[in-house]
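Take a look at the structure below.
Every read-out reported here was derived from the displayed coordinates using simple, explicitly stated rules and does not represent laboratory data. What you are looking at is a predicted structure, and each value in this text was computed from that prediction instead of being measured. FYI the Cβ positions are ideal-geometry reconstructions off the backbone, even for glycines, and counts take in every protein chain you see.
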């Protein structure tokens, strides 16, 4: 536990320092936010705010994970070896987002990375990680059923596509949640904290360590991401955090708990799906704008109100989640 506190604080400080260095560089390169003309009018003032800030989180997580790996390598090799796959998934998902952000913001290609290419990249990384879970660990293909508190064995032919779907769906959901200052950072930090506590409860040290690293990075980034944001994480950060949450939940054998603790990203995704389907069928909209946080914005809510409400809901649901595992 002592090491986890230290590595959280170290990651926090490293993220703050890295932010102080990187943000001016992003400004110099004019890597600024591009706001949609049909979006909330209040967002137009954010035009030009440095984005692609997820690179800050990548640097912090990669450095402190490697430090933790070498720290545990001579003491408890099994724990050290498990940290690297978490870092691999997280950083690789972030790199895909970085390529997308780079094309849009630096190369001024409004399309960015083609959706099919982006999905292919995420799929390849997901397949590699799931194969690692199946072949490279002794975890098996069980999944934990909350409330019932039982492990349900899944046939391997079902588990693999199921696990891949969890990774892709989680990443997409977190990506949609990233729409107002501090929202994705705060919600993800609470979710990751919950998964970290579950790791501590079940004595899964590698989850506790990596979760602490992620929490430290989110907290450090939040200093610069809260309203009014000095930097946005972009797809670099949102894909990174989505991949990390999915990887942790699968390693814990508890992806179903995400339906509870990650309810905000889930409902954000559902709001987009409902909006698209309903509009195609009727030509009318259910929400003023999707994802859901934009609907509240256009209904007169301030960004700080939405952030507070969504964060409190996530916190309450995480407490519930801890009580049903």
Item to check | Inter-label distance, nm, simple model (7 Å from Cα along the C-beta direction), residue 66/residue 81 | outcome: 2.1
Checklist outcome for this item: Plugging the Cβ-Cβ distance of residue 202 and residue 108 into 1/(1 + (r/R0)^6) at R0 = 30 Å yields, to the nearest 0.05, a FRET efficiency of 0.05
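Counting only C-alpha contacts under 8 Å and six or more residues apart, can you give the relative contact order of the range 192-325 as a whole percent? Before the final figure, lay out each step's value.
Working: 93 pairs, mean separation 29.4, N = 134.
Relative contact order, the range 192-325: 22 percent.
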Next on the checklist: Only Cα pairs within less than 10 Å get springs; with that Gaussian network setup on the chain, which residue of 265, 85, 115 has the largest fluctuation?
Outcome noted: 115
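Tell me whether the range 108-266 comes out rounded, prolate or oblate; compute the Cα gyration tensor, take square roots of the eigenvalues as a ≥ b ≥ c, and use a/c under 1.5 as the rounded threshold. Walk me through the numbers before you get to the answer.
Values: a/c = 2.09, a/b = 1.34, b/c = 1.56.
Note, shape of the range 108-266 comes out oblate.
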Next on the checklist: Run the paramagnetic zone check for residue 323: 7 angstrom along Cα to Cβ, then residues of the range 255-277 with backbone nitrogen under 19 Å.
Outcome noted: 257-264
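Per DSSP H run of n ≥ 4, the term is -39500 (n - 2.57); total these for the chain, divide by its residue number, and report the mean residue ellipticity at 222 nm rounded to 500 deg cm²/dmol.
Values: 12 runs with 230 residues, N = 325.
Value at 222 nm, helices only, nearest 500: -24000 deg cm²/dmol.
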Next on the checklist: Could you tell me the relative contact order of the chain? Use alpha-carbon pairs under 8 Å, at least six residues apart, and round to a whole percent.
Outcome noted: 26
Checklist entry - For a paramagnetic label modelled at 7 Å from the Cα of residue 127 toward its Cβ, which residues of the range 77-94 fall within the zone defined by backbone nitrogen distances under 17 Å? => result 89, 93
Checklist entry - For 263, 232, 86, what ranking results if the residue with the fewest other Cβ atoms within 10 Å of its Cβ goes first? => result 263, 86, 232
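Could you work out the Rg to Rh ratio of the chain, with Rh taken as the Kirkwood radius (inverse of the mean 1/r over all Cα pairs)? Don't jump to the answer; show the numbers that get you there.
On the way: Rg = 19.1 Å, Rh = 20.0 Å.
Reported Rg/Rh, Kirkwood definition of Rh: 0.96.
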Checklist entry - At what distance in angstrom do the alpha carbon centres of the range 273-323 and the range 165-242 lie from each other? => result 18
Checklist entry - How many nm separate the modelled label positions at residue 25 and residue 134, each set 7 Å beyond the Cα in the direction of the Cβ? => result 3.9
Checklist entry - Angle, helix 183-201 long axis vs. longest principal axis of the chain, Cα atoms, 0 to 90°, nearest 10? => result 10
Checklist entry - For the range 49-129, what relative contact order do you get, as a whole percent, if you take Cα pairs closer than 8 Å and at least 6 residues apart? => result 26
Checklist outcome for this item: Nearest 10, in degrees from 0 to 90: the angle of helix 205-225 to the longest Cα principal axis of the chain is 20
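Which length gain, in nm to one decimal place, applies between residue 142 and residue 17 when the Cα-Cα distance is subtracted from 0.36 nm times their residue separation?
Numbers: separation 125, 0.36 × 125 = 45.00 nm, distance 4.11 nm.
Using 0.36 nm per residue and subtracting the Cα-Cα distance, I get 40.9 nm.
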Next on the checklist: Please compute one quarter of the surface area of the Cα convex hull for the range 122-199 and express it in square nanometres.
Outcome noted: 6.3
Checklist outcome for this item: Honestly the range 259-304 on the Cα gyration tensor test (a ≥ b ≥ c root eigenvalues; a/c under 1.5 rounded, otherwise a/b vs b/c for prolate or oblate) is just oblate
Checklist outcome for this item: Expected sort for 27, 118 with the fewest Cβ neighbours (10 Å cutoff) up front is 27, 118
